[in-house]
Amino acid sequence: MGRLFYVAPEEADKGEVLLDEGESRHALSVLRLKKGEGLKLFDGKGHVFHGEALGVKEKRLWVRIRSRSENPPSSASAAVTLAASVVKPERMDFLIQKSCELGVGSIEPLLTERTVVRLSRERWEAKLRHWQGIAMEACKQCGLSVIPEIRPARDYDVFLASVSPYPLILIPTLAVKGRSLYEAIKGSKPDKVLCLIGPEGDFTKREADLAVSHGAVPVSLGPLVMRSETAAVYLVSALSFYYREVRGR
């Protein structure tokens, strides 16, 4: 699909739009788009728009939208919700970026017993905006038209108590005995999967037991000890391959 430019859903139906300052700067200064050239836009909701550059207006790129198409995720792949303990900033950024590039449906940042990042309410709000920006850039980079929803960080116990039923919940952990990932997913084809990723140092046994009481299946990701962000990328990649390439055939 190539590079996408974001346009707010409420703006996309107007026929002509001005890209925001950041998008305009990239289009004009980096890609050097000229009047009359075509470009693709998306609204983060699965809609892709084919547009034409009309020129510069108020130092922003002025675009006429020519057509619209739907670009939903492949039905061969289960929708994955990644509920991950908040880790150190650069590692959390990596986790979000790569998970979005791999096509997760949503991300739930969790505060667990061993979470080391503790912020004020205002700083959590700023952190959420930062993560949402990373998600958008990841989608633009790899051509995904749906931006995964990233929800505000919340307490692990509160999340589990309020989560809606999932046909499959996986929790990679060494805190309790688990089965291999392949054994846990072999033959299954759920429409959605919840993946619980712990902090550095893993979930506590109490947290793992609580997840199991909510239907989670403890799994092993092999003999290597992985960082949280590595475990998240490994698990999402494995699920994407299995449900898209193996079960999707």
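Rule-based calculations on the coordinates, nothing more; no lab input. In this text, all values refer to a predicted model and were calculated from it rather than measured experimentally. Positions of Cβ are backbone-derived with ideal geometry, glycine not excepted, and every protein chain shown enters the neighbour counts.
Here the Karplus relation 6.51 cos²θ - 1.76 cosθ + 1.60, evaluated at θ = phi - 60°, turns the backbone of the range 210-219 into coupling constants of 5, 4, 4, 5, 9, x, 6, 9, x, 9 Hz, with x for every Gly and Pro.
With the largest listed first and rounded to whole Å, the semi-axes of the equivalent ellipsoid of the range 100-200 from the Cα gyration tensor are 25, 21, 12. In the chain, the longest principal axis of the Cα atoms and the axis of helix 121-142 are about 70 degrees apart. For the range 5-70, what does the alpha-carbon gyration tensor say about shape, rounded, prolate or oblate, given a ≥ b ≥ c as the root eigenvalues, a/c under 1.5 as rounded, and a/b over b/c as prolate? Taking the square roots of the gyration eigenvalues as a ≥ b ≥ c, the range 5-70 is prolate.
Would you mind getting me the FRET efficiency between residue 8 and residue 93? Use the beta-carbon distance for r and R0 = 25 Å, nearest 0.05. Before the final figure, lay out each step's value.
Values: r = 24 Å, r/R0 = 0.95.
Step by step, r from the Cβ atoms, then E = 0.60.
For the listed peptides 59-66, 176-183, 229-236, a ranking on the average number of other beta carbons within 10 Å per residue, highest first, reads 229-236, 59-66, 176-183. Does anyone have the angle between helix 228-241 and the longest principal axis of the chain? Alpha-carbon axes, 0 to 90°, nearest 10? Between helix and principal axis, roughly 80 degrees. Across the chain, the convex hull enclosing all Cα atoms gives 138 Å³ per residue.
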